[in-house]
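Worksheet: the structure to be examined is printed underneath.
The values are calculated or read from the model by the stated rules, or taken from the named source; none is laboratory data. Since the model is a prediction, treat every value here as computed from it, not as a measurement. Cβ sites come from the backbone with ideal geometry, for glycine too, and all protein chains shown count toward neighbours.
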Amino acid sequence: MNQIEISIANQKYVIRGEEGEAHLQEVAEMVRRRVESLRKKNPNLNLQKAAMLAAFDFASDVIQQRKKSVDSKSVLLSKAHSLLERVERELETQI
């Protein structure tokens, strides 16, 4: 198991995971940047509230990406179906 240490708003955190250290660093940096961005926009925001808002932001991003993925998959399947029908029609005319 890999682990890294990160500091967010002068608080140290140890992150552990099965993923590689580079992945953990990327995740930790993304969280740090999001929390610091939220606190910069609202200096009175405490760390706990900023962390919760960051979590909501990330959850929203995940949901949006899932919807885009489903939409893209639907478009791709529709195109594949149309292409398959076209190929089948073409094959029928050659028989």
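A count restricted to the stretch 52-95 and to residues that are hydrophobic (A, V, I, L, M, F, W, C) and under 30 Å from Glu36 (Cα atoms) stands at 9.
Quick check on the stretch 17-31. Is at least one of its residues of a type outside the set (S, T, N, Q) and assigned to a strand (DSSP E or B)? Yes. What do you reckon, is Leu38 of a type in the set (A, V, I, L, M) and assigned to a helix (DSSP H, G or I)? In short, yes.
Among residues of the stretch 14-64 being closer than 26 Å to Asn2 by Cβ and among the β-branched types (Val, Ile, Thr), the one that is farthest from the chain's Cα centre (by Cα) is Val14. On the basis of being at pLDDT below 95 and either in a loop (DSSP other than H, G, I, E, B) or surrounded by 10 or more Cβ atoms within 10 Å (Cβ to Cβ) (or both), does Ser7 make the cut? It is true that Ser7 is at pLDDT below 95 and either in a loop (DSSP other than H, G, I, E, B) or surrounded by 10 or more Cβ atoms within 10 Å (Cβ to Cβ) (or both). Could we say that Ala50 is touching a Leu at 6+ places or on another chain (Cβ under 7 Å) and surrounded by 16 or more Cβ atoms within 10 Å (Cβ to Cβ) here? Against the criterion (touching a Leu at 6+ places or on another chain (Cβ under 7 Å) and surrounded by 16 or more Cβ atoms within 10 Å (Cβ to Cβ)), Ala50 qualifies. Looking at (1) β-branched (Val, Ile, Thr); (2) out of contact with any strand residue (DSSP E or B) (no Cβ under 7 Å at 6 or more places or on another chain); (3) not in a helix (DSSP H, G or I), find the lone condition where Val14 falls short. So the condition that Val14 fails would be (2). Among the residues of the stretch 1-33, not one is closer than 19 Å to Ala59 by Cβ and touching an Asp or Glu at 6+ places or on another chain (Cβ under 6 Å).
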